[in-house]
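Below you'll find the structure, written out as structure tokens, and then a few comments.
What follows draws every value from the coordinates through simple rules; no lab data is involved. The shown structure was predicted, so the numbers you read here are calculated from the model rather than taken from an experiment. All Cβ positions, even for glycine, are placed from backbone atoms using ideal geometry, and neighbour counts span all protein chains on display.
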Amino acid sequence: MTATHAGIDSQAGAMPAATGLRGRWNQLCATLERVVPHDLLALGARLSVAAIFFYSGRTKVTGFLTLNDSAYELFRSEYNLPLIAPELAAHLAAYAEHLFPLLLVLGLATRLSGLALLGMTAVIQFLVYPDAWPTHLSWATLMLYLVGRGGGRLSLDRALGIR
């Protein structure tokens, strides 16, 4: 069976243009791919994830980066992480929730920042709030997109030639 008989345009190596409802749907999808490019999706994902973690970090500090008493208490009683002292965990989380969101907003070290916050999300999911998986899955999906595709053209990564 030749490529033409199999329904494939042998010159272009692609399916022939569909007609009817399928053709209109495919045209709409092609338009949406142009209107909603990766660069816009990456910017939206970066800002969304940054806001989630940055605002969480702000609840743990007063002033610039002075941890408040409630942050220590949260890590002592509610989070109760194994293998790490609550005081150290509180500091690490607060600093990470400020640094990595800032990097995401700038689009600098986007893949690294996404991986770091994805790791935090995994810890939160499996050790702290296992019933909150729908929320954590939505965060993880945004971060996996950034890790896999990068920060897009509207990022310092792109300006600096960093993948």
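In the chain, a dipole from Cβ-located charges (positive for Lys and Arg, negative for Asp and Glu) runs towards its positive end, and of 19, 161, 35 it is 19 whose Cα lies farthest in that direction.
Classify the stretch 63-157: rounded, prolate or oblate, from the alpha-carbon gyration tensor (a ≥ b ≥ c, eigenvalue square roots; a/c under 1.5 rounded; otherwise prolate if a/b is larger than b/c)? Here the stretch 63-157 falls in the oblate category. A simple spin-label model places the labels of residue 78 and residue 95 2.3 nm from each other, with each point 7 Å out along Cα-to-Cβ. Remark: spin-label model distance residue 59-residue 160 equals 3.1 nm, labels positioned 7 Å along the Cα→Cβ axis. One entry in [x] 17.9; [y] 15.8; [z] 18.5 is Kirkwood radius over Cα pairs in Å calculated from the shown coordinates; its label is [z]. Farthest toward the positive end of the dipole of the stretch 37-160, out of 144, 124, 107, is the Cα of 107, where the dipole comes from beta carbon charges about the Cα centre. Model label sites at residue 27 and residue 127, defined 7 Å from Cα along the beta-carbon direction, differ in position by 5.5 nm. The residues neighbouring residue 70, those whose beta-carbon lies less than 14 Å from its own, together hold a net charge of -1 under the Lys/Arg +1, Asp/Glu -1 convention. Among 81-90, 143-152, the peptide with the highest mean count of other Cβ atoms within 10 Å heads the list, and the full ranking is 143-152, 81-90.
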